[in-house]
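Please read the structure below before turning to the comments.
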Amino acid sequence: MTPTSGPRVVLTDRYSGSRLAEQPRLVFGPAPAALPRVTVDSESAFQTVLGFGGAFTEAAALTWLALDANTQHRLLLDYFDREHGHGYSLCRVPMGSCDFGVGNYAHLETPGDIALKSFSIARDQQAVIPFIKAAQRVAKGPLRLLASPWSPPAWMKSNGAMNHCGTLLSEYRQARARCYVRFIEAYADEGIPIWGVSVQNEPEATQRWESCLYTAEEERDFVRDHLGPELESAGLGHIRIIIWDHNRARMLERASIVYGDERAARFVWGTGFHWYEGDHFERVQAVHDAWPDKHLLFTEGCQEGGAHDGSWDLGERYAHSMINDLNRWTEGWIDWNLLLDEDGGPNHVRNLCSAPVLATHAGTLRRQSSYYYIGHVARFVRPGARRVECSSGHDRLDATAFKNPDSSIVVVVLNRTESVQTFALGVDGREVTAELPARGVVTYLL
């Protein structure tokens, strides 16, 4: 870098048509003193980034399988290629069925089979596992995979059904814990290592689809007395256990119950959370402040209520959440479905949602604004990066910054207003005058 050369600039904005588009490089030089400032100190160091990604749901896998071979490969490149795509490395897979699929299924369907003799991942082998293996090939290695259950088998539950909540019957807690072990072992046999498990997806949600209610005390006891010991005894003590896996608003209260028990807390890697029911970013910070030795992971977010094809608000919601979660010690960020059809499904209870990429009924791909906005972070902030100090003196700009393992610096700035925002970007004492178009996001690379 010459003394006057400044950062590379990559831009996406609503009105110009720029989509992850390279812009003219800026030049370092004094900025007007009156400008608000975004200031970066790359010598500071906070959490280490695990990575970014999405979920291998049955809905995503079936939609992908329905595409022709070239389009399938194009999607995989867009998400998993490290040079020309997002470089996804941290993803999620449902452990059994969820609403984003074509019907209920469990890996242990035979009632009373506490010995797990009938345990099978045959349903996963039809679509989900081929999708994951294809992604691994493009990523040129294993992905970090978080496995999350939506419901135990129906026969293990108080309501006798996978849908409509219910609770795990106490007499089946040990067998249920062994299901996690068998799932991890079965996926390992397929060449797919599992990185971590959450105890239960959305354990306080009353849903008409696959769901199971756990109080904080029940989750604590299940981890302490069953799941943690079962993983350890199977030689899987390295598998990360993530609690909560639900909205930010209640994460502090839930974490306090589990982390307040030393025997339970020793098994728990960290707290997972979702974005539904409001931002509540202060709750993410509060969990870190109370338990700085534990970890934070965003495990699900999507735009509810249909496909929202063409919506610009989608992307802004993603970038706003990613920036603010990462600025509060979150170590990784996992989107929901990697791919859906143009209706926002398939979903066996018609709980249709959006995804960053939609497949049309004609078999083409439509990238949504969320795809590009996610890319402004995921493409440039690499696993192993450290978040560094980044302060925004501009109340209309969200900003965050990172130092990658190769010492390159990444700064991401978001403008959710209808006005061009002019500011001074300062990095380690050098500064440039920058302009961010209305409804845009920019990544600066140094």
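The values are calculated or read from the model by the stated rules, or taken from the named source; none is laboratory data. Everything numeric in this text was worked out from a predicted model, so none of it was measured. Reconstructed Cβ throughout: ideal geometry from the backbone, glycine too, with neighbour counts over all protein chains shown.
Observations
- Enumeration of residues in the range 360-391 that are among the aromatic types (Phe, Trp, Tyr) and part of a loop (DSSP other than H, G, I, E, B): Phe380
- When restricted to residues that are hydroxyl-bearing (Ser, Thr, Tyr), closer than 16 Å to Gln47 by Cα and without any contact (Cβ under 8 Å) to a residue 60 or more places away in the chain, the range 360-407 contains 1.
- Filtering the range 74-106 to residues that are in contact (Cβ under 8 Å) with a residue 60 or more places away in the chain and either in contact with a Pro (Cβ under 8 Å, 6 or more places away or on another chain) or more than 25 Å from Pro142 (Cβ to Cβ) (or both) leaves Ser89, Leu90, Pro94, Met95, Gly96, Asp99, Phe100, Gly101, Val102, Gly103, Asn104.
- Strands (runs of 3 or more DSSP E) completely within the range 140-253 that count 1 or more residues being within 29 Å of Asn351 (Cα to Cα) and in contact with a Cys (Cβ under 6 Å, 6 or more places away or on another chain): 144-148
- From the list Val410, Val357, Val432, the one residue that fits, being buried (at least 17 other Cβ atoms within 10 Å of the Cβ), among the β-branched types (Val, Ile, Thr) and free of Cβ contacts under 8 Å to residues at least 40 places away in the same chain, is Val410.
- Only one of Glu253, Glu331 that is in the same structural domain as Asp221 (by TED's automatic domain parsing), of a type in the set (D, E, K, R) and touching a strand residue (DSSP E or B) at 6+ places or on another chain (Cβ under 8 Å): Glu331
- The range 34-56, residues that are assigned to a loop (DSSP other than H, G, I, E, B) and in contact (Cβ under 8 Å) with a residue 40 or more places away in the chain: Leu35, Pro36, Ser42, Glu43, Ser44, Ala45, Phe46, Gln47, Val49, Leu50, Phe56
- Ala438 passes every criterion in (1) touching a residue at least 40 places away in the same chain (Cβ under 8 Å); (2) outside any loop (DSSP other than H, G, I, E, B) apart from (2).
- Test set (1) part of a strand (DSSP E or B); (2) more than 22 Å from the chain's Cα centre (by Cα); (3) surrounded by 17 or more Cβ atoms within 10 Å (Cβ to Cβ) - His348 fails condition number: (1)
- Test: residue in the range 120-138 that is of a type in the set (Val, Ile, Thr), closer than 25 Å to Ser211 by Cβ, over 21 Å from the mean Cα position of the chain (by Cα) and surrounded by 15 or more Cβ atoms within 10 Å (Cβ to Cβ): yes
- Single residue of the range 56-102 satisfying the filter (of a type outside the set (Ser, Thr, Tyr) and under 28 Å from Pro292 (Cβ atoms)) that is surrounded by the most Cβ atoms within 10 Å (Cβ to Cβ): Arg92
- When residues in the range 393-407 are screened for being surrounded by fewer than 19 Cβ atoms within 10 Å (Cβ to Cβ) and either within 22 Å of the chain's Cα centre (by Cα) or not in a loop (DSSP other than H, G, I, E, B) (or both), 2 of them pass.
- One residue from Ala59, Ala31 being aliphatic (A, V, I, L, M) and outside any loop (DSSP other than H, G, I, E, B): Ala59
- Ala265, sole failed condition from (1) surrounded by 15 or more Cβ atoms within 10 Å (Cβ to Cβ); (2) out of contact with any Leu (no Cβ under 6 Å at 6 or more places or on another chain); (3) closer than 21 Å to Arg387 by Cα: (3)
- Exactly one residue out of Ala385, Ala355 is touching a Pro at 6+ places or on another chain (Cβ under 9 Å) and aliphatic (A, V, I, L, M): that is Ala385.
- Residue, farthest from Glu331 (Cα to Cα), within the range 408-423, restricted to residues that are among the polar types (S, T, N, Q) and not in a strand (DSSP E or B): Ser419
- Hits in the range 308-320 (condition: buried (at least 21 other Cβ atoms within 10 Å of the Cβ) and touching a strand residue (DSSP E or B) at 6+ places or on another chain (Cβ under 9 Å)): His308, Gly315, Glu316, Tyr318, Ala319
- Residue match in the range 78-89 (condition: hydrophobic (A, V, I, L, M, F, W, C) and assigned to a loop (DSSP other than H, G, I, E, B)): no
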